[in-house]
Amino acid sequence: MSIDEGKVGLRRDGAVAHVVFDRPAARNAMTWAMYEQLGAACERIAADSGVRVAVFRGAGGKAFVAGTDIAQFREFKNAEDGVKYERTMAGYLSAVENLRIPTLAVIEGWAIGGGLAIATACDLRIGTPGSRFGVPVARTLGNCLSVENIALIGAAFGVARAKRMLLLAEMLSAEEALAAGFLSEIVSPETLDARVAEMCARLAANAPVTMRVTKEAIRRLLHAGLPAGDDLIRECYGSRDFRIGVEAFVEKREPRWTGS
């Protein structure tokens with residue numbers, strides 16, 4: 001694998017599994033290979049009975065994950081490619097969400113698009129003062145999120161803040177994410193590692209079955225009765241505006257939307 005493709009690393013430190021998104025030169029933007037490695041890491045964690053907590057973190061200290069690498073969308077030919085992509089992403093996000101142990105996202109810097117979705121799939125999140133959160137696709141790409149992702153983000157941030165991120169393409173600060181309850185706390189970079197270790201120790205000491213069934217109860221509540229949404233995905237990914245947005249992003253210019 002070339003360096004440009006990045007990697008998702010996994011290591012175990014006692015009862016704690018550490019998943020690291022490692023492509024700092026691109027703010028840890030996810031390639032297809034990295035998503036596959038994320039799924040594989042979750043499989044390994046799920047199969048390891050000695051793991052009691054999983055931590056997800058971006059390498060480099062400047063970003064958690066700055067979304068999916070946009071250049072890859074140039075491969076898309078039609079609306080069905082968008083449906084396939086969203087279904088594939090749902091599988092990787094479910095792999096994180098369905099882990100039977102507590103999960104902690106450690107967010108330094110940007111958590112954008114797919115990165116925000118990964119963080120939202122975790123149980124707990126802590127950030128640093130410079131952390132920023134958003135899904136600016138209405139300004140950048142002209143695509144959309146799945147119904148499942150919108151439901152989870154709405155539950156995590158509240159509907160009003162979710163609409164600001166999705167319609168106004170606003171970036172939320174760490175302080176606002178804390179006020180929304182999305183972040184458990186904001187920690188200085190200097191004390192971040194120590195706080196992560198403290199939280200992991202506490203989670204590892206709690207009753208595993210209690211945490212497992214509580215996680216599953218919350219997951220069932222969040223996903224109960226969600227409507228189908230493939231028609232909405234087709235409308236966005238099959239649009240002329242999506243192709244315009246991708247090319248404009250890659251070429252670092254402003255898109256000129258057509259509404260079609």
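FYI, it's all coordinate maths here, none of it is from the lab. What you see is a predicted model, and the numbers here were worked out from it, not measured in a lab. Because the Cβ atoms are built from the backbone with ideal geometry, glycine has one as well, and the counts that use them run over all protein chains shown.
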Point to revise | Residues located in segment 7-38, provided they are in a loop (DSSP other than H, G, I, E, B) and on the phi < 0 side of the Ramachandran plot | key: Ala15, Arg23, Ala29, Thr31
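For (1) more than 23 Å from Phe56 (Cβ to Cβ); (2) touching an Asp or Glu at 6+ places or on another chain (Cβ under 6 Å); (3) assigned to a helix (DSSP H, G or I), each residue gets a yes or a no:
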position: Glu170; (1), (2), (3): yes, no, no
position: Glu175; (1), (2), (3): no, no, yes
position: Ala179; (1), (2), (3): no, no, yes
position: Phe182; (1), (2), (3): no, no, no
position: Ala194; (1), (2), (3): no, no, yes
position: Leu203; (1), (2), (3): no, no, yes
position: Arg212; (1), (2), (3): no, no, yes
position: Leu222; (1), (2), (3): no, no, yes
position: Asp231; (1), (2), (3): yes, no, yes
Study note, to complete from the structure: Among Tyr85, Tyr92, the single one that is among the hydroxyl-bearing types (Ser, Thr, Tyr), closer than 30 Å to Arg11 by Cβ and in contact with a Gly (Cβ under 7 Å, 6 or more places away or on another chain) is Tyr92
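Here is a yes/no grid of residues against (1) buried (at least 23 other Cβ atoms within 10 Å of the Cβ); (2) under 30 Å from Asp241 (Cβ atoms); (3) of a type outside the set (A, V, I, L, M); (4) in contact (Cβ under 8 Å) with a residue 40 or more places away in the chain:
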{"position": "Pro24", "(1), (2), (3), (4)": "no, no, yes, no"}
{"position": "Arg27", "(1), (2), (3), (4)": "no, yes, yes, yes"}
{"position": "Gln37", "(1), (2), (3), (4)": "yes, no, yes, no"}
{"position": "Phe73", "(1), (2), (3), (4)": "no, yes, yes, yes"}
{"position": "Asp81", "(1), (2), (3), (4)": "no, yes, yes, yes"}
{"position": "Lys84", "(1), (2), (3), (4)": "no, yes, yes, no"}
{"position": "Ala111", "(1), (2), (3), (4)": "yes, yes, no, yes"}
Exercise for review: With a cut-off of at least 2 residues that are under 14 Å from the mean Cα position of the chain (by Cα), name the helices (runs of 4 or more DSSP H) lying wholly within segment 76-150.
Suggested key: 79-97, 114-121
